[in-house]
Each structure stands twice: as C-alpha cells, then as structure tokens.
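This report refers to the structure that appears directly beneath it.
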Amino acid sequence: MNKCKKLAEYLIAWYPDHARELPWRRDRDPYHVWLSEIMLQQTRVEAVKEYYKRFLQALPTIADLANVEEDRLLKLWEGLGYYNRARNLKKAAQTIVNEREGRFPKTYEEILSLSGIGEYTAGAIGSICFDLPTPAVDGNVLRVYTRVMADASNIDKQSTKKMIREQLAAVYPKGKCGMFTQSLMELGATVCLPNGMPKCGECPLQSICLAGQHDTWQQYPVRDEKKSRRLEDKTVFVLRCGNRVAVRKRDSKGLLSGMWEFPNVEGILIEQQAADVAAQWKTAPEHMKMSYHYTHVFSHVEWRMTAYYLACQQMCREFQWVTMEELEHKVAMPSAFRPFLDMLKEEK
C-alpha cells in the first residue's frame, strides 16, 4: 500500500507539466468525457480527435444524441469501427433524457448502469467529472501497475483487475481524483509504452518501479496467449448502373450488424463466376471494369476479399441503389468496405 501511495503522489506531481492537450480535457462535462472514452476504446488518440470534434458539432448535447436517426449516427461514427459503441451511446442518452430528465448520473453505480458503460468508463467518468475515487483500469493502467509492482498476475483475469482496482482506489487523493486517473492513463500512453521499449529515463516512477530497476519490463504485464484469427474469403460486388451503386444492409446481429455494405458472397470467385452471380441477381451485367484485392483485419477474424467492379443495365430490387453523393454523406460504410469505395471514386 505504501508503494501505491507513492505512485499516486509522484504521478500527481508529474502530470500538470506533462499532460497532452486533448480536446476532451478542456472541461469536465460528463457528456464530453463519456464520448471521448467510448471513442478511445480500440482507437488511437490521434484518430479520435477529428471524430470527437465532428461528433460534438453535429450532436452538441445528450438530447441531440438521444434523438439522432441511426443512419446519421453511424455516418458520424464511420471509420471508428465497433459500431455498437455508437448504438449504446444513443441508448444511454435516451435513458438519461427519458428517465433522468436529461441529467447525467453522478454516482459510480448509476453511471455503470447505462448501456455500453463498463467498469473502466464508469471509473473514468466518476473520477474525472465528479471527483470520485473510482479507478479507470485499462491496458495502460494495468501495464504501469504490474511493472511498478513486478506483479506477474494474469491481467486477463477479472480477479487481477479487481485487485488492482481496489489497490488504487484506496490511495485516490480527495480533490484530485480526476488528475490521478488521467495521470495513470497519460503515463501508460506516453512513457510506459505498450509497444517497444518504455522511456524509463523520463518516468516519474523510476525510483519505485521494480521492473525498471531490474530491467524486466518485457515480462509485464502477463496475459493469456493470443488466439489466431479466423480466416474468411469473400467476393465483393461493386455494381454500378448509371450514376447509382448497389448497397445493402447487413443482418441485425453479428459482425458489423446493421451496417451498409457492398453485396458480397462467401469464397473467392473468378471473373466469370462473379459475372454469373451478378446475372442471377438480375442486374444484367455488361462488362467487368476492374478487380481489386484487399485484406481487412478485425480483432478475431481476417477477411481476404476480392472485389469486382461491374457495369450493369438493371437495378434489381434486392439492393438499394444510391448515388456517389449519398455514399459520401449519408450511407455509413464500414472500414472493411471503404477501399472499394475509394477505388470507385478514382474510377469515376
């Protein structure tokens, strides 16, 4: 416990002079902090900045978020991935508007009860916005803690996360809870790095960090062995009829649920097979314009895709046929299919 107290003391002294200027740190508005934390899950800080700014320009209040149409919401989220994050944002916003008269909850338990908010996000909002002693234990924090303590506990186990959360909660300084949370995040993101050698010479914790002192930082944190990704082959159809392109919505469940996509089938087809499938859809394909290959990697699956660009004479009812302008400004296309859209724009 003594070392935890020192960890908190050193980080709070270090943070004011070393914190990055980030748009969501300009105030303690819970909507802003909540939005940024959800966006930052599985996404780099630099990538989030512009999304955050654009999202708040379009939906400046929780009430705006609660009332936004899903297609517009997903278009604002386009490219960030993990689209259920956006849907849960809206669902939680509706709860706040409809059940709490628009007021964001101020206790950890109430924050945690909102859709899409787990222990980490609830801890971040609680400490940063309401000065609650609620740690936000993510990968950065787990890495810092296990290296400082030379703790070989498996961080993929809930019991380990619970133990670390309790250890940190016990030393949260009243009046500076938000600063402590953000200092832990900041150190893990900028000094005690996830990839590559940590910057131990710049670390305010070097005098108490066991992994740094023994040069064993590579041993921490301990995690489960990663499972290999499942490989899936797909043939994608970019069907163009006049100035319109065929798209369809994915199923409401599963990967990229409810998102727009170019029509596709399982397996890799050769050109003639692809033309035959397009003909079966009654699009009356005229000729093959070009083909394009792309591999998209998700956390658990890898899609190896071949796309065929076909000029068609008929717009079948099986798909929705949209203009390029609609594709750009209204239809939310996941990152897995964006390269084919980019090629279509170049072809145009």
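The values are calculated or read from the model by the stated rules, or taken from the named source; none is laboratory data. A quick note: this is a predicted structure, and the numbers were derived from the prediction, not measured. Backbone-built Cβ (ideal geometry, glycine too); neighbour counts: all protein chains shown. Surface areas here come from the heavy atoms of the whole protein model, side chains and all, with no ligands, DNA or RNA. Shrake-Rupley method; radii C 1.70, N 1.55, O 1.52, S 1.80 Å.
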> Roughly how big is the chain's charge dipole about its Cα centre, with Cβ charges of +1 (Lys, Arg) and -1 (Asp, Glu), in debye to the nearest 20?
Replying inline: 420 debye
>> Taking 2.2 N^0.38 Å as the expected size of a compact globular protein, what ratio does the Cα radius of gyration of region 219-348 give against it, to two decimals?
In response: 1.17
> When every alpha-carbon pair in region 168-231 is counted, what percent end up more than 20 Å apart?
Replying inline: 44 percent
> Expressed as an acute angle from 0 to 90° and rounded to the nearest 10, what is the orientation of the C-alpha long axis of helix 2-18 relative to the principal long axis of the chain?
Replying inline: 60 degrees
>> As a test of understanding, state the convex hull volume per residue of region 72-186 from its alpha carbons, in Å³.
In response: 122 Å³
>> Positive end of the dipole of the chain, charges at C-beta (+1 Lys, Arg; -1 Asp, Glu), about the Cα centre: which of 105, 61, 95 has its Cα farthest in that direction?
In response: 105
> Counting only pairs 8 or more places apart or on different chains, how many lysine pairs in region 1-94 have C-alpha atoms closer than 29 Å?
Replying inline: 8
>> Can you say what percent of the DSSP beta bridges in the chain, counting only those with both residues inside, are antiparallel? Round to 5.
In response: 65 percent
> For region 283-348, how big is the tail of P(r) above 16 Å, as a whole percent of Cα pairs?
Replying inline: 58 percent
>> So if each residue of separation counts as 0.36 nm, and I subtract the Cα-Cα distance between residue 314 and residue 257, what length gain in nm does that give?
In response: 17.8 nm
>> Defining a contact as two alpha carbons under 8 Å apart and six or more residues distant in sequence, what relative contact order in percent does the chain show?
In response: 16 percent
>> I'd like the orientation of helix 271-280 relative to the chain: the angle between its Cα long axis and the longest Cα principal axis, in ° from 0 to 90, rounded to 10.
In response: 80 degrees
> Can you give the helix-only mean residue ellipticity at 222 nm for the chain, where every DSSP H stretch with n ≥ 4 adds -39500 (n - 2.57) and the sum goes over all residues, rounded to the nearest 500 deg cm²/dmol?
Replying inline: -13500 deg cm²/dmol
> According to a simple spin-label model (label point 7 Å from Cα along Cα-to-Cβ), what is the distance in nm between residue 227 and residue 346?
Replying inline: 3.6 nm
> How far, in degrees from 0 to 90, does helix 119-130 lean away from the longest principal axis of the Cα atoms of the chain, to the nearest 10?
Replying inline: 60 degrees
> Hey, what D do you get for region 211-270 in µm²/s if you plug the Kirkwood alpha-carbon radius into Stokes-Einstein at 25 °C and 0.890 mPa s?
Replying inline: 153 µm²/s
> Within the accessible area of the chain, what % is carbon and sulfur when the probe is 1.4 Å and the other protein chains stay in place?
Replying inline: 46 percent
> Once both labels are modelled 7 Å past Cα along the beta-carbon direction, what's the residue 170-residue 69 spacing in nm?
Replying inline: 5.5 nm
>> Rounded to the nearest 20 debye, what is the charge dipole size of region 171-285 about its Cα centre when +1 sits on each Lys and Arg Cβ and -1 on each Asp and Glu Cβ?
In response: 520 debye
>> Rolling a 1.4 Å sphere over the protein heavy atoms, what is the accessible area per residue of region 27-101, to the nearest Å²?
In response: 49 Å²
> If the cut-off is a Cα-Cα distance under 18 Å, which aspartates and glutamates reach residue 234, setting aside same-chain residues fewer than 8 apart in sequence?
Replying inline: 251, 261, 266, 271, 276, 302
>> Can you compute the FRET efficiency between residue 323 and residue 44 using 1/(1 + (r/R0)^6), with r the Cβ-Cβ distance and R0 = 35 Å? Round to the nearest 0.05.
In response: 0.65
>> Given a 1.4 angstrom probe, what's the average accessible area per residue across region 156-257, in square angstrom?
In response: 57 Å²
